[in-house]
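Data first, discussion second: the structure below is written as structure tokens.
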Amino acid sequence: MKIQLNGEAREIPASCTVASLVTELGLRPEQVAVELNRRLVRRDLREKVELQDGDELELVTLVGGG
């Protein structure tokens, strides 16, 4: 199925959850904020939220520094 990830089209497998996509992308879950269709997805719900064809996802990684 197709989704929009940070503004770009991306093909993902069916039954993909937000958590599995974050892992597949090699991101650290504790350092990622996830917005699905303009709504924030809480970290404790990412395993339960399945992505659907046409979803729009924004992933923002947190970077520390000074």
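The values are calculated or read from the model by the stated rules, or taken from the named source; none is laboratory data. Since the model is a prediction, treat every value here as computed from it, not as a measurement. Areas reflect the complete protein model, heavy atoms only, side chains present, ligands, DNA and RNA absent. Shrake-Rupley method; radii C 1.70, N 1.55, O 1.52, S 1.80 Å.
How large, in percent, is the carbon and sulfur part of the accessible surface of the chain at a probe radius of 1.4 Å? Could the numbers behind the result be given before it?
On the way: 2230 of 4660 Å².
Here it works out to 48 percent.
Rounded to the nearest 10 Å², what accessible area does R43 show when all protein chains are kept and the probe is 1.4 Å?
For R43, the solvent-accessible surface is approximately 140 Å².
Find the relative contact order for the chain and round it to a whole percent, using C-alpha pairs within less than 8 Å whose residues are 6+ positions apart.
Numbers: 100 pairs, mean separation 29.4, N = 66.
About 44 percent, as a whole number.
Could I get the Rg over Rh figure for the chain? Both from C-alpha atoms, Rh via Kirkwood, rounded to two places.
Numbers: Rg = 11.5 Å, Rh = 12.1 Å.
Looking at the chain, the ratio lands at 0.96.
From largest accessible area down, sort T61, T23; use a 1.4 Å probe on the protein chains. Each step should come with its number before you reach the end.
Details: T61 70, T23 95 Å².
Listed by decreasing accessible area, they come as T23, T61.
Choose one answer from L21, L45, L36: the residue with the largest mean-square fluctuation in a GNM of the chain with alpha-carbon springs under 10 Å.
L45
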